[in-house]
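This report concerns only the one structure given below.
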Amino acid sequence: MDVNTQISALRGVGPKTAGLLAERDLVTLGDLAAYYPFRYDAFEMIRSVSDVQEGQTASLLLTVIGKGSMVRAKGRVMCHFKAGDATGDCRLTFYNMPYIVKTLPPGSQHVFRGTVKKTAKGGVYLDQPSVFSLEEYRALSGRLVPVYHVFAGVKNRQMMNLTARALAELPPFADYISHEDLDRLSLIPRDDAVRLIHDPGDYEHLAAARSRLIFDEFFSFILGLRRQKSRNEGLKNDRPLADDPLPESLIARLPYSLTGAQRRAWEEIRRDLTGPTVMSRLLQGDVGSGKTIVAFLALILCAANHRQGALMAPTEVLAQQHMRALSELIETYDLPVRAVLLTGSVKGKARKEAYRQIEEGEADIVIGTHALIQDAVSYHDLGLVVTDEQHRFGVRQRESLSGKGEQVPVLVMSATPIPRTLAIILYGDLQVSVLDEMPAGRLPIKNLAIDNTQRARVYRFIMKELTEGRQVYIICPEVEEGENSALENVTDYTKRLRSVFPHEIPKGEGEKGLPARPLRIDSLHGRMKPADKNAVMERFVRHETDILVSTTVIEVGIDVPNASVMLVENAERFGMSTLHQLRGRVGRGEWQSYCIFMFTPGAGDPGDPSAKPRRLRILEKNNDGFVIAEEDLKLRGPGDLFGERQSGELGFVLADIYEDSRIMQKAASFVDETLKKDPDFELEDLKEIDFRSI
């Protein structure tokens with residue numbers, strides 16, 4: 001067997017399991033090898049009932065007392081058991097597992113592992129604990145056990161078994177790094193790393209495996225950038241655009257003036273598009289700095305030259321937002337430009353009509369998602385490619401869109417402020433224009449870091465804003481209750497809000513106060529289907545929702561001018577860059593906006609547990625994303641093995657540009673060394689396991 005062998009070839013994998021895995025793009029043994037655990041369990045010593053504390057993860061060796069009971073309510077099956085040891089009793093509850101009644105007969109002894117909860121009277125109980133025989137648990141103790149992102153029909157133990165069997169069948173993975181260079185770079189062989197990441201045994205082996213695989217991710221990503229840069233540098237622009245008065249005419253009629261930074265960036269882009277070499281430029285600006293209008297000017301210049309421009313956004317919601325904004329410009333200022341939207345939800349006759357308009361040149365500007373790079377899309381005369389939030393698109397996707405024409409200029413936009421030392425590496429294939437000014441009249445966001453004992457005060461403020469007709473984001477770090485019950489989760493938080501807040505927003509004050517109306521609360525998280533996520537965001541955009549409780553999946557760049565409050569729960573769990581990006585969801589309208597970072601008491605600096613965490617103090621006083629990015633890099637330093645990943649949006653599987661900045665710099669140097677020795681170097685060995693970042 002090899003990496004291209006179908007998973008169904010493994011003994012014991014039937015069509016049903018193979019189908020479930022295929023839905024998550026796990027089709028081959030290579031896919032399984034690249035499906036890394038997202039965390040690891042260190043199985044603790046078995047404890048006694050009398051020795052456990054509420055909120056901790058504990059393993060208890062208990063004897064089942066009597067027969068379990070089964071209750072059916074509201075479409076759920078709940079099974080309850082009483083169990084205990086010599087020091088006390090423990091109640092066990094399992095959901096939608098009716099078979100468990102036969103699995104746990106009276107008098108049987110098992111190890112139950114889960115989050116400890118206590119009743120008001122001090123009774124101990126576990127909800128949905130994992131169940132092990134004593135022998136199974138002893139085999140797990142003392143080693144790190146991988147935990148995978150699982151889904152309906154496939155459990156963690158099954159994923160462990162599948163990856164172990166796949167790796168047992170696969171031959172050794174080839175390496176592109178020599179033994180001498182491995183020693184010099186302090187890296188382990190690639191084959192060892194791939195196998196250890198799934199079964200590290202201990203922290204030392206896990207750290208070594210992660211370092212090597214992170215190096216590989218950076219190496220492959222940077223190699224792609226270097227190749228792109230070498231292709232772009234000096235690439236002759238055989239069809240430069242002619243300068244046209246239409247963009248300047250629009251600028252003169254806009255109800256606001258461009259900032260100096262916007263003017264400078266537009267001039268750089270205009271010179272590129274009309275100049276002798278093909279443009280490959282990054283437009284980098286903080287949240288709200290006005291990147292979109294600059295990109296629109298470039299697309300309008302392209303249309304004025306009777307050539308097509310394409311703008312690719314990472315999500316349908318963002319693509320629809322761009323389409324609305326551009327359509328409003330076209331209509332308001334009577335621009336001789338035709339735009340068409342092409343996303344996954346454009347289907348049937350509408351999709352065929354969009355294809356026709358694009359192919360026949362009726363559409364001057366095409367806005368969409370990944371649908372823009374499908375084989376079915378044929379452009380009449382593509383003259384400019386713009387990708388929004390470029391960190392969501394790898395080099396291959398950018399090339400796929402620009403490859404729809406001949407030597408097409410590329411403009412990529414990003415609102416992710418990245419320290420200069422890292423930006424030089426990550427944006428190595430691009431010229432850079434920076435928007436470092438905010439538009440005049442935009443009110444700066446007011447920030448507050450506050451501990452969660454002040455929650456009632458915060459809720460009163462939120463209700464005041466709702467009464468005035470504003471909308472609110474609330475961010476939780478978890479989707480649902482997990483092993484860390486100390487963290488807020490979207491599922492339970494949404495339910496709790498409905499019980500804490502009144503069902504109706506009261507009438508506003510004064511003659512112009514809004515009438516009383518129902519309070520509408522919605523939730524959003526990454527486990528939802530894309531169509532459901534889009535529907536939730538659309539409701540919020542249309543103000544059909546007042547409070548949106550979400551994980552960090554809320555769309556980067558989404559524009560809801562009426563949203564004036566961002567509350568981040570367990571803010572100490574997030575890095576500064578993530579918090580700054582979240583903060584950028586508010587402050588987009590005429591209203592004063594607020595960002596509240598709520599933290600857990602004791603989460604402050606070790607020397608002063610009562611203090612606010614240092615990163616929150618910095619965010620409280622500063623709204624400049626570039627300053628925050630530099631401070632974030634200083635504070636975090638290299639290599640927190642289990643730290644909160646801040647740059648997963650760049651597409652890396654394991655790597656984080658902040659935590660792993662030293663590895664990234666080492667990988668960049670090795671790319672340069674490699675290409676100096678062998679300019680035609682091809683990374684064939686890493687194609688066995690396809691990194692999604694490339």
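The values are calculated or read from the model by the stated rules, or taken from the named source; none is laboratory data. Everything quoted here is computed from the prediction, not taken from an experiment. Cβ: placed from backbone, ideal geometry, glycine included. Neighbour counts: every protein chain shown. These area figures cover heavy atoms from the full protein model, side chains too; ligands, DNA and RNA do not enter into them. Shrake-Rupley method; radii C 1.70, N 1.55, O 1.52, S 1.80 Å.
Some notes on this structure:
- When His580, His543 are compared by accessible surface with a 1.4 Å probe, the order from highest to lowest is His543, His580.
- Heavy-atom accessible surface of Ser59, to the nearest 10 Å², is about 0 Å², with a 1.4 Å probe and all protein chains retained.
- In Å², nearest 10: area of Glu135 left accessible to a 1.4 Å probe: 130
- In this structure, the amide hydrogen of Val565, modeled 1.01 Å from its nitrogen in the peptide plane, lies closer than 5 angstrom to those of Gln471, Tyr473, Tyr594, counting only residues at least 5 positions away or on a different chain.
- Accessible surface calculations at 1.4 Å, restricted to protein heavy atoms, place the chain at 45 Å² per residue.
- The stretch 173-189 - phi-based ³J(HN,Hα) in whole Hz, Karplus 6.51/-1.76/1.60, Gly and Pro as x: 7, 5, 10, 9, 10, 6, 4, 5, 5, 4, 5, 5, 8, 6, 10, 8, x
- Heavy-atom accessible surface of the chain: percent carbon and sulfur, 1.4 Å: 51
- Ranking His149, His370, His205 by how far each Cα lies toward the positive end of the dipole of the chain (charges on Cβ) leaves His149 at the top.
- Oblate is the label for the stretch 38-114, because the ratio a/c of its alpha-carbon gyration tensor axes (a ≥ b ≥ c) is 1.5 or higher and a/b is not greater than b/c.
- Only Lys, Arg (+1) and Asp, Glu (-1) charged, at Cβ; the stretch 472-555 dipole about Cα centre in debye: 320
- Between Phe218, Leu235, Ser280, the Cα set farthest toward the positive side of the dipole of the stretch 213-296 (charges on each charged residue's Cβ, about the Cα centre) is that of Leu235.
- Calculated diffusion of the chain, Stokes-Einstein form, Kirkwood radius summed over Cα pairs, 25 °C and 0.890 mPa s, µm²/s: 87
- Separation in nanometres of the label points that stand 7 Å from Cα toward Cβ, at Glu136 and Leu487: 2.5
- Shape call, the stretch 205-280: gyration tensor on alpha carbons, a/c limit 1.5: oblate
- Separation of alpha-carbon centers, the stretch 272-338 and the stretch 39-63, rounded to whole Å: 56
- Heavy-atom accessible area order for Lys118, Lys349, largest first, 1.4 Å probe: Lys349, Lys118
- Just so you know, the Cα atoms of the stretch 90-241 work out to an Rg and Dmax of 24.3, 83 Å.
- List Met1, Met45, Met576, ordered by accessible area with a 1.4 Å probe, largest first: Met45, Met1, Met576
- Pairs from the list Lys352/Lys533; Lys155/Lys666; Lys291/Lys677; Lys464/Lys634; Lys74/Lys507 with a Cα-Cα gap above 29 Å: Lys155/Lys666; Lys291/Lys677; Lys464/Lys634; Lys74/Lys507.
- Segment Asn161..Arg527, full-extension length gain: 129.4 nm, with 0.36 nm per residue of separation and the alpha-carbon distance subtracted.
- Using a cutoff of 8 angstrom between alpha carbon atoms and counting only pairs six or more residues apart, the relative contact order for the chain works out to 13 percent.
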